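J.: Before I ask anything, here is the structure I am working with.
The values are calculated or read from the model by the stated rules, or taken from the named source; none is laboratory data. Keep in mind that this is a model prediction, so the values were computed, not measured. When we count neighbours, we look across all protein chains shown, and the Cβ atoms used for this are built from the backbone with ideal geometry, even at glycine.
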Amino acid sequence: MIITKMSMPRRTVLRGIGATLALPLLDAMVPALFPTARTAANPARRLGVVYVPNGIAMEYWTPESEGAGFELTPILQPMEAFRDQMLVVSGLRAFWTPAHAGASTTFLTGAAGVAGETSPVADISIDQVVAKEFGQHTQLGSLELAIDSRANAGQCSGNHSCVYTNTISWRSRTTPLPMENNPRAVFERLFGDSASTDPAARLARVQRDRSIIDSVNEKVADLKRTVGPRDRVKIDEYLEGIRDVERRIQKVEEQNTVELPLVEQPEGIPATFEEHVKLMFDLQLLAYQTDLTRVSTFMMGREVSSRTYPEIGVLDAHHPLSHHEYDPVKIATMAKINVYHATLFAGFLQKLRETADGDGSLLDHMVLVYGCGMSDSNAHSPVNVPVLVLGGGSGQLKGGRHLKYAGDPPLANLMVTLLDKLGMPLDRLGNSSGPLAIDTLSEV
């Protein structure tokens, strides 16, 4: 037998001057002897979590009808294009004492945290359960990202340590993981770091050094001569994505050298919420595309966040607004924030759908969880928490439905169910009592 098809190792990287560049999955990486090895039935599976703070305006979130015929409410409307890969999950309960800290802590762990403790305690979160398995095949086990900076110390919510509101990811019962909110730091974690973390040194390096792509330019040219036309197009699209992220981060850092009054943003963080969110989503996209990691968590806001949103006409601080005392005008204003968050998330979904991955797209091969650990924010309610599950789950998820559960089953039951869909069944996570039936309407 004569094998003419080139086979490139899956973990191929390009090395240049002070840079190492991972590659996306190319056709040339499929073993020549096994042309069907990479199929939609057997792709790399991935888990992503996006957390939004301060509860949801539930009147604008929950569909009235159940099953496949559910209507898209105002907050869900931005995700209309992804209805076929979306599950709206209602009726689940997050068990925690009435405080914002419990909402974020229990979301992925099923454990509420303990008020007044000097050493925070929760449980391992679903992302870290998955990272322990998937991380055996990637350079990074997981990414933990956020928009808000961390509160350094003290109590942030209901006599709970700020640790509980700073993260949704826990490596173990006693090990919360820090969330990174600086796009430059995330980029360097993915594609290489300098010896110094001093902001002045970083800026000098940005101004002095060439782009990471320029540093491997000759290697890229050599590679493109050895692969097929589809791979050449894929390489060009991927490199343009990296260039765009580099360009935006560098622009932010150049602008941050200008002295501005009343600006407390750390170096490398965009001045606008929207650009910051989009950068963090694009960094996750690059990480998935290169298979540097298959697991990420992202907090679009920290609980008790008092951010304002002048870009959408909301000048009220988010946290005080969430205590709306059931004023319809305030609830509608809060819903505008919820719609804005969903719109930014939908942009990420679109990019995942447009990014080829094996015989499908990244979205086809992902399990994405979107929501928060609190429903009625005025009452700090843990009942009927707002949760979406999106993506194809590598053929394991059937979307296009609103599933409403009776009896207040724990939110952690959904996490146990998703672990099973990801190929790693677990008997218990936090306060879970068993898996949920999510595959057929008749079981719900």
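J.: If I ask for residues that are crowded, with 21+ Cβ neighbours inside 10 Å and either among the aromatic types (Phe, Trp, Tyr) or closer than 11 Å to Met299 by Cβ (or both), which ones from the stretch 164-185 would you list?
T.: Residues satisfying the conditions are Tyr164, Thr165, Asn166, Thr167, Ile168, Ser169, Trp170, Met179, Asn181.
J.: Specify which of the listed residues (Glu254, Glu246, Glu264, Glu303) is modelled with pLDDT under 85 and part of a loop (DSSP other than H, G, I, E, B).
T.: It is Glu264.
J.: Could you list, in sequence order, all residues of the stretch 362-386 that are surrounded by fewer than 20 Cβ atoms within 10 Å (Cβ to Cβ) and part of a strand (DSSP E or B)?
T.: Within the stretch 362-386, just Val383 meets the criteria.
J.: Consider Gly400 carefully, then state whether it is on the phi > 0 side of the Ramachandran plot, in contact with a helix residue (DSSP H, G or I) (Cβ under 8 Å, 6 or more places away or on another chain) and surrounded by fewer than 20 Cβ atoms within 10 Å (Cβ to Cβ).
T.: Working: on the phi > 0 side of the Ramachandran plot: yes; in contact with a helix residue (DSSP H, G or I) (Cβ under 8 Å, 6 or more places away or on another chain): yes; surrounded by fewer than 20 Cβ atoms within 10 Å (Cβ to Cβ): yes.
When the stated conditions are applied, Gly400 passes them.
J.: May I pose another question? Taking the stretch 324-381 only, how many residues are in contact with a strand residue (DSSP E or B) (Cβ under 7 Å, 6 or more places away or on another chain) and at positive phi?
T.: So the answer is 1.
J.: Residue under question is Glu274, and the condition is that it be in a helix (DSSP H, G or I), modelled with pLDDT of 95 or more, loosely packed, with under 14 Cβ neighbours inside 10 Å and touching a helix residue (DSSP H, G or I) at 6+ places or on another chain (Cβ under 8 Å); does it hold?
T.: No: the conditions fail for Glu274.
J.: Okay, next question. Does the stretch 188-197 contain any residue that is modelled with pLDDT of 65 or more and among the hydroxyl-bearing types (Ser, Thr, Tyr)?
T.: No, the stretch 188-197 has no match at all.
J.: Going by the structure shown, is Leu414 closer than 20 Å to Ala112 by Cβ and either buried (at least 23 other Cβ atoms within 10 Å of the Cβ) or within 22 Å of the chain's Cα centre (by Cα) (or both)?
T.: Considered against the rule, which asks whether it is closer than 20 Å to Ala112 by Cβ and either buried (at least 23 other Cβ atoms within 10 Å of the Cβ) or within 22 Å of the chain's Cα centre (by Cα) (or both), Leu414 comes out as yes.
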